[in-house]
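**Student:** Handing you this structure, nothing more for now.
We did not get these values from a lab; they are worked out from the coordinates using the rules stated. Keep in mind that what you see is a predicted model, and the values were worked out from it rather than measured. Here the Cβ is made from the backbone with ideal geometry for all residues, glycine too, and neighbour counts use every protein chain on show.
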Amino acid sequence: MGLWGITEDPQEGQPQDSLWDNKCKQRWRRVEQRHAGSTLFIELDLLQYLLKAIYTGSGVDQRAPDCWTSKGGMGAISIAMISDFFHPAVGGVENHIYMLSANLISRGHKVIVITHSHGDRVGIRWLLPSLKVYYIPFLPIASSATLPNFFTSLPYLRTILLREHVHLIHAHASLSSIGHEGILHSHLMGIRTVFTDHSLFGFDDAASILTNKLLVGTLKNVDAIICVSHTGRENTVLRGQLFERSEDYPNVLEVRKSIYVIPNALVAEQFTPSMPPASETSTITIVVLSRLAYRKGIDLLVATAPRICALFPNVNFVVGKWGDGPKLIDLLQMREKHLLQDRIELLGPIRHKDVLSVLSRGSIFMNTSLTEAFGIAILEAACAGLYVVSTRVGGVPEILPEDMISFAEPEEDDVVRAISEAVHIVTNGKHDPFRAHERIKTFYNWEDVATRTERVYEAVMQSRQMELMERIRRHVFTH
């Protein structure tokens with residue numbers, strides 16, 4: 001009698017074993033030969049096989065061979081986008097997932113989205129173009145993020161992934177608990193994994209420390225990682241401890257090779273600039289569109305806006321917000337204190353379809369973020385013809401050419417200096433909105449993002465899948 005109660009050589013006259021039992025016995029013989037009697041390794045190898053049988057309902061590897069063309073390239077595959085952040089919530093991650101999914105569908109792939117419920121939006125919904133969305137019944141605790149639990153959503157994920165015959169899951173955002181859970185469970189169903197990080201995080205505050213610990217555990221076993229900027233890549237490598245030993249020099253650690261940089265994009269036709277009326281050309285309007293949170297630099301905006309209004313009597317502000325944020329009261333108090341109600345207009349929450357109408361009211365876009373991995377709002381503003389002023393943080397310097405943006409350090413005096421420079425450029429007609437729009441059209445488009453992401457998928461599907469023991473080693477024997 002061998003391990004797990006499996007008889008190596010059944011005696012004659014015994015009942016015919018089931019197909020699954022035969023597969024277990026065949027697996028037993030292969031792993032015993034491979035590990036030459038090492039009980040621990042044999043048990044772990046068989047444990048992986050049995051767990052996969054439990055997860056998938058059979059002992060068969062779920063990696064389908066029909067995703068390869070006759071020429072050896074990757075054909076159409078089934079992809080599951082998993083994240084806590086998706087529509088009807090509004091934001092850069094939500095729009096990224098939707099646009100990437102739509103373009104992958106247009107390239108022949110099957111794409112579904114798995115996210116948590118929003119109010120009464122529970123169950124299956126369909127979005128154009130034929131994008132199937134599963135809203136599983138979990139409530140967010142804060143900022144659309146659900147509580148990390150790792151196993152509560154397993155019944156839903158297993159059912160959905162097997163029902164949709166998913167080959168690959170693509171999780172988004174470090175703060176998405178359901179994305180981490182999808183990566184954790186998918187390996188036991190033979191499903192490959194990709195993770196995209198959209199944000200920058202620090203290393204010294206409690207929230208960042210806890211998030212980074214969660215990220216380290218998740219990214220140990222992920223097949224590929226995508227970042228939206230080179231600065232974001234460096235940040236993710238450090239936070240996730242994405243190092244491996246060099247093949248040539250075993251004592252040297254090097255960054256894992258499966259980390260890619262693919263920027264965000266936009267639909268340029270949705271941000272065509274408009275010529276302002278002649279009566280308003282003498283007034284310069286500065287537009288701010290941001291979440292009203294500390295890390296978006298709202299304190300810096302509160303400190304600099306009164307000084308800018310005092311320096312330039314012809315400058316007004318229009319401030320719109322994405323979603324909720326705790327800094328609205330600070331903006332209201334600043335406006336009351338300096339009697340700027342007629343020069344600083346505070347808008348309510350802005351829907352994405354209304355962004356162009358708000359941007360069209362201004363000549364300068366102001367971004368005061370203290371940390372930013374990419375800054376899609378900056379890209380949209382530049383495409384709409386606005387001259388951009390931004391703090392020099394994170395991946396922002398990678399977005400635009402230097403003649404389309406003025407940078408400032410995240411401090412009050414330097415922001416005022418950069419705004420003064422921008423006002424001078426706009427007043428003297430040195431910035432052409434229509435030329436800026438045409439340049440952005442050539443820089444960023446979703447078709448290119450989908451093509452590059454598809455290449456990452458193909459590299460993942462062609463790579464060797466990690467066995468259970470290798471995944472355990474990555475978790476236990478950290479560098």
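**Student:** Would you mind checking which residues have amide H under 5 Å from Ala408's amide H? H placed 1.01 Å from N; only 5 or more apart, or other chain.
**Tutor:** Residues meeting the criterion, in which the H sits 1.01 Å from N, are Ser390, Thr391, Arg392.
**Student:** Taking the mean number of other Cβ atoms within 10 Å as a proxy for protection, how do you rank 233-242, 445-454, 421-430 from highest to lowest? Write down the numbers at each step before the final one.
**Tutor:** Numbers: 233-242: 19.8, 445-454: 17.3, 421-430: 14.6.
Highest-to-lowest ranking by the protection proxy: 233-242, 445-454, 421-430.
**Student:** Which far-off residues, 5 or more places away or on another chain, put their amide H under 5 Å from the one on Leu289, with H placed in the peptide plane?
**Tutor:** Distant-sequence amide H within range of Leu289: Gly320, Met366.
**Student:** Let me ask something additional. For the stretch 268-443, with only Lys/Arg (+1) and Asp/Glu (-1) charged at the beta-carbon, what is the dipole magnitude about the Cα centre, in debye rounded to 20? Walk me through the intermediate numbers first.
**Tutor:** Details: 18 positive and 22 negative charges, 72 e Å.
Using Cβ point charges on Lys, Arg, Asp and Glu, the stretch 268-443 gives about 340 debye.
**Student:** Same structure again: What ranking, highest mean first, results for peptides 192-204, 156-168, 309-321 when packing means the other Cβ atoms within 10 Å averaged over each residue? Mind showing how you got there, number by number?
**Tutor:** On the way: 192-204: 21.1, 156-168: 18.8, 309-321: 16.9.
Order by mean packing, descending: 192-204, 156-168, 309-321.
**Student:** Taking a ≥ b ≥ c as the square roots of the eigenvalues of the Cα gyration tensor of the stretch 194-309, is the shape rounded (a/c under 1.5), prolate (a/b larger than b/c) or oblate? Let's see the in-between values first.
**Tutor:** Values: a/c = 3.48, a/b = 2.05, b/c = 1.70.
The shape class here is prolate.
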